[in-house]
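First comes the structure, then the notes that go with it.
The values are calculated or read from the model by the stated rules, or taken from the named source; none is laboratory data. It should be emphasised that the depicted structure is a prediction, and the values quoted were computed from it without experimental measurement. Cβ placement follows ideal geometry from the backbone for every residue including glycine, while neighbour counts extend to all protein chains displayed.
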Amino acid sequence: MPIKASAPRSVLLVCLGNICRSPTAEEILRQKAAVAGMSLTIDSAGTGDWHLGEHPDVRAQKHAKARGYNISKLVSRQVKADDFYQFDLILAMDKQNLADLQAIKDSLTDASDQDSEHESNKLATLALLSEEDPIYGGANVPDPYQGNADDFEAVIDQIESSVDAWIESWKSV
Ligand code: 4NP
């Protein structure tokens, strides 16, 4: 992927459960993109299927709300093959999420070699959320599920920083 890519039209945020990190990132990107005047389709999903149909973890909701992000209405879903055709950019919260996404993309690339309807060059670009971040660059957003209040605050700090960095990179192309 070209690191300095032009602004995507659609971004999917992905973590493991889609109840802590990625719904938080979805709302942070939604608000910051709106402030930047960018028109973006934004959604989030999990690589796992344990929490399908659930609203975000109550701790994630509480910490996000205190920072100005209402994620209470979001509903967990799992990543699906169609996401790789529908979204320009898929951002993973950590390296395991990225590896899991890459495995799905690879399987779709192989399948599309035999399927003229789905061209592999139209599949979403994958990256770590922190990829453009001058502070957290290359780092995982640590999974807060077994953590404490400080861990949930740190997730928001890190996601805000990394989302700011992506928006700056899209503006500068
Ligand atoms: P998330 O956090 O990936 O940030 O949504 C987690 C939520 C649930 C689980 C793991 C991580 N879980 O194992 O159920």
Problem - Condition broken by SER39, with the remaining ones in (1) farther than 23 Å from PRO134 by Cβ; (2) buried (at least 16 other Cβ atoms within 10 Å of the Cβ) satisfied - result: (2)
Handout entry: ALA45 in contact with a Cys (Cβ under 9 Å, 6 or more places away or on another chain), in a strand (DSSP E or B), under 26 Å from ASP151 (Cβ atoms) and within 16 Å of the ligand (Cβ to nearest atom)
Key = yes
Exercise for the section: Being within 21 Å of ARG9 (Cβ to Cβ) and either within 16 Å of the ligand (Cβ to nearest atom) or among the small types (Gly, Ala, Ser) (or both) narrows it down to one of ALA124, ALA149, so name that one. Expected result: ALA124
Completion exercise
Residue pairs qualifying under the 8 Å Cβ cut-off, at least six apart or on distinct chains, with the first in region 21-32 being touching a residue at least 12 places away in the same chain (Cβ under 8 Å) and farther than 10 Å from ILE71 by Cβ and the second being away from the ligand (no atom under 13 Å from the Cβ) and in a helix (DSSP H, G or I), are LEU29/VAL163; LEU29/TRP166; LYS32/GLU160; LYS32/VAL163; LYS32/ASP164; LYS32/ILE167
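Quick check on this structure: which one of ARG9, ARG67, ARG59, ARG30 is among the basic types (Lys, Arg), out of contact with any Phe, Trp or Tyr (no Cβ under 7 Å at 6 or more places or on another chain) and over 17 Å from ILE167 (Cβ atoms)? Before the answer, list the steps.
Values: ARG9 fails: over 17 Å from ILE167 (Cβ atoms); ARG59 fails: out of contact with any Phe, Trp or Tyr (no Cβ under 7 Å at 6 or more places or on another chain); ARG30 fails: over 17 Å from ILE167 (Cβ atoms).
None of the others qualify; the one that does is ARG67.
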Handout entry: Cβ pairs under 8 Å, 6+ apart, first in region 35-48 and within 14 Å of LEU98 (Cα to Cα), second more than 14 Å from the ligand (Cβ to nearest atom) and among the charged types (D, E, K, R)
Key = ALA45/LYS80; ALA45/ASP83
Completion exercise
Scanning region 56-77 residue by residue, those in contact with a strand residue (DSSP E or B) (Cβ under 9 Å, 6 or more places away or on another chain) and farther than 17 Å from ASP143 by Cα turn out to be LEU74, ARG77
Problem - Residue check, LEU52 in a loop (DSSP other than H, G, I, E, B), over 17 Å from GLN158 (Cβ atoms) and either in contact (Cβ under 8 Å) with a residue 40 or more places away in the chain or of a type in the set (Ser, Thr, Tyr) (or both) - result: no
Problem - Filter result (in a loop (DSSP other than H, G, I, E, B) and either more than 20 Å from ALA124 (Cβ to Cβ) or within 12 Å of the ligand (Cβ to nearest atom) (or both)) within region 6-42 - result: LEU16, GLY17, ASN18, ILE19, CYS20, ALA36, GLY37
Exercise for the section: Search region 127-146 for residues being surrounded by fewer than 16 Cβ atoms within 10 Å (Cβ to Cβ) and not aliphatic (A, V, I, L, M), and hand back the single one that is farthest from the ligand (Cβ to nearest atom). Expected result: PRO134
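Filter the helices (runs of 4 or more DSSP H) completely within region 67-173 down to those with at least 2 residues that are touching a Pro at 6+ places or on another chain (Cβ under 9 Å) and at pLDDT 95 or above.
Values: elements: 81-86, 95-113, 149-171.
Hits in region 67-173: 149-171.
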Practice task
May I ask you to verify whether ALA81 is more than 29 Å from ASP150 (Cβ to Cβ) and either surrounded by 19 or more Cβ atoms within 10 Å (Cβ to Cβ) or aliphatic (A, V, I, L, M) (or both)?
Solution key: yes
